[in-house]
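Here's the structure we're looking at; comments come further down.
The values are calculated or read from the model by the stated rules, or taken from the named source; none is laboratory data. None of these values were measured; they are calculated from a predicted model. Note that each Cβ is placed from the backbone with ideal geometry, even for glycine, and that neighbours are counted across all protein chains shown. Heads up: the accessible areas ignore ligands, DNA and RNA and are worked out on the full protein's heavy atoms, side chains in. Shrake-Rupley method; radii C 1.70, N 1.55, O 1.52, S 1.80 Å.
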Amino acid sequence: MRLIGLTGGIGTGKTTVSNYLSKNYQFPIWDADIYAREAVQPGSSILEDIIVRYGKNIVLPNGNLDRQKLGEIVFNNRDELHWLNKQIHPYVRDRFEQNIQDFIIKNSEYGQENSIQITSHQTTSQNPTAVLVIPLLFEAKMTDLVTEIWVIYAPLQKQIERLIKRDSLSLEEAYTRINNQMSLEEKCQQADIILNNSSNLEILWQQVDSAIAYQQNN
Ligand code: ATP
């Protein structure tokens, strides 16, 4: 079983690569950002704790968390970011662990019942693969959840350009968000596979295809 932990710096291309893996390999994609949003749904105990800490104004009139306001607090104060992560990460970890359990069960049943029918993506079927997109894979100490670590690298300049374009951030906001994470170089040092996303998408796809094939054969 392959559990690919896909990480990298902010805006380096995690969503871009996970969409490609989903579309072209049909791997299930489990995304920490989605679970982190789930964790703070209206009525959740984590949202209640956030309201106690930051006041009622941290929610919008419709009851949803005001993510922009929260972002302004935590991206300008490391202690608050640490506190918030401590609330959310255990929930995210639980969701991944549950998915992994289900995936193991499903594939053991599937393997026994359907061993002859498998024709397309044979290598994939022989070695069931799922992708865990975890921006804070190292910071949140979730490396034990995965069997291989892929880090997507992009030069700082490209990261900033793409963030400003995608999220309409100012230069300063883009820098602040990047600087709140472990350095990309440090992440690359701990990678099994580094995808260099400093050029165009065709070149990125080639690297992804090679990484899938390489690990499959090793
Ligand atoms: P975040 O950390 O914010 O979740 P991410 O790592 O998921 O970001 P993406 O959203 O995949 O990053 O990419 C950031 C932006 O850069 C997107 O708008 C994406 O379309 C664009 N992008 C990614 N790779 C390339 C590329 N090789 N060439 C041009 N644009 C790219």
Unique match (being out of contact with any Pro (no Cβ under 6 Å at 6 or more places or on another chain) and at pLDDT below 95) among 137, 169:
169
Looking at (1) in contact with a helix residue (DSSP H, G or I) (Cβ under 9 Å, 6 or more places away or on another chain); (2) within 30 Å of residue 164 (Cα to Cα); (3) away from the ligand (no atom under 16 Å from the Cβ), which is the one condition that is false for residue 97?
(2)
Output the residue which, of all residues in the stretch 169-204 that are of a type in the set (D, E, K, R) and more than 10 Å from the ligand (Cβ to nearest atom), is most open to solvent (accessible area, probe 1.4 Å).
172
Can you report the number of residues in the stretch 48-67 which are touching a helix residue (DSSP H, G or I) at 6+ places or on another chain (Cβ under 8 Å) and part of a helix (DSSP H, G or I)?
7
Residue list for the stretch 61-80, filter: open to solvent by less than 70 Å² (accessible area, probe 1.4 Å) and out of contact with any Leu (no Cβ under 8 Å at 6 or more places or on another chain)
63, 64, 71, 73, 77, 80
How many of the residues in the stretch 10-31 are of a type outside the set (A, V, I, L, M) and within 7 Å of the ligand (Cβ to nearest atom)?
6
Among the residues of the stretch 187-208, write down those that are out of contact with any helix residue (DSSP H, G or I) (no Cβ under 8 Å at 6 or more places or on another chain) and closer than 15 Å to residue 6 by Cα.
187, 188, 189, 191, 207
